[in-house]
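Just so it is clear, none of the values below were taken in a lab; they were calculated from the coordinates. Please read all numbers here as calculations on a predicted model, not as lab measurements. All Cβ positions, even for glycine, are placed from backbone atoms using ideal geometry, and neighbour counts span all protein chains on display.
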Amino acid sequence: MAKTGTTTQGLRAAIERSGYYPALVAEAVEAAVGGERVLSYLVHQETTFDSNEVRRHVTVLVLTGTRFIVSHTDEQAADNTSPSPYATTSTESVKLDRISSVVLSRVVANPESYTPGTLPREVVLTIGWGAVNRLDLEPAACGDPNCEADHGYTGSSTADDLSLRVSEAGDGPDTVRQTLAFAQALSEATTDSAR
């Protein structure tokens, strides 16, 4: 369930409504936000299946006047390091001028009859700030099918610090709307910080 809004109280309420370790998540996020005013936020909870276990995960994205804050909280089953189940939570604060890309991919049904304003059935929000880059390499080749020379490698580098997928079927139409609203607010804020 994703929630978005523009107040610290609204952020706290959205974290509590998610029902996912709200005291832990709220404390971590509020410590990262500090005294700054919250301009926009998105709380997204997802459930994943890992072999024979069900795991939950919550991502909280917060936009302030100077920073983009991302928080992840995951639950873990008991293991060799802990005899009881536990959760890990982390926050990262990124200055807005470090955000290098805000990519919003939309999936729409029946594009030939698309009407502006129609809600996409799925969106993927990808945000890059240079902390994680993915490098895809493959052997380079020339046009000669008989050539056996080593032409080195060719590839691409992609900034892929955060990718968040929401769908109307899995998360509901409100979650898709909220993700669109947060993406627009973040995109506008990074434009403003570049001036």
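Report, in deg cm²/dmol and to the nearest 500, the calculated mean residue ellipticity at 222 nm for the chain, where each DSSP H run with n ≥ 4 adds -39500 (n - 2.57) and the sum is divided by the residue count. Intermediate values should be presented prior to the final figure.
Details: 4 runs with 48 residues, N = 195.
So the calculated ellipticity at 222 nm is -7500 deg cm²/dmol.
If you place +1 on the Cβ of every Lys and Arg and -1 on the Cβ of every Asp and Glu, how big does the dipole about the Cα centre of the stretch 1-96 come out, in debye to the nearest 20? List each step's numbers first, then the result.
Values: 8 positive and 11 negative charges, 95 e Å.
With only Lys, Arg, Asp and Glu charged at Cβ, the dipole is about 460 debye.
Give the label of the value calculated from the structure for mean projected area of the Cα convex hull in nm², choosing from [x] 17.1; [y] 18.1; [z] 15.4. Among [x] 17.1; [y] 18.1; [z] 15.4, the one derived from this structure is [x]. Expressed in Å, the radius of gyration and Dmax of the Cα atoms of the stretch 1-96 are 14.0, 43. Round to the nearest 0.05 the FRET efficiency obtained for ASP97 and ARG165 when R0 = 30 Å and r is the Cβ-Cβ distance. That pair, ASP97 with ARG165, gives E of 0.65.
What helices does the chain hold that run 24 Å or longer along their axis, going by alpha-carbon atoms, with a Kyte-Doolittle average of -1.0 or more, using DSSP H for the helix calls? Don't skip to the end; give the middle numbers.
Values: long enough: 173-193 (30 Å, -0.30).
The qualifying helices are 173-193.
Here the peptides 91-99, 24-32 are ranked by packing, the mean other Cβ count within 10 Å, and the order with the highest first is 24-32, 91-99.
Quick one: if the Förster radius is 45 Å, what FRET efficiency do SER113 and THR191 give, using the C-beta to C-beta distance and rounding to 0.05?
Values: r = 32 Å, r/R0 = 0.71.
In this case the efficiency is close to 0.90.
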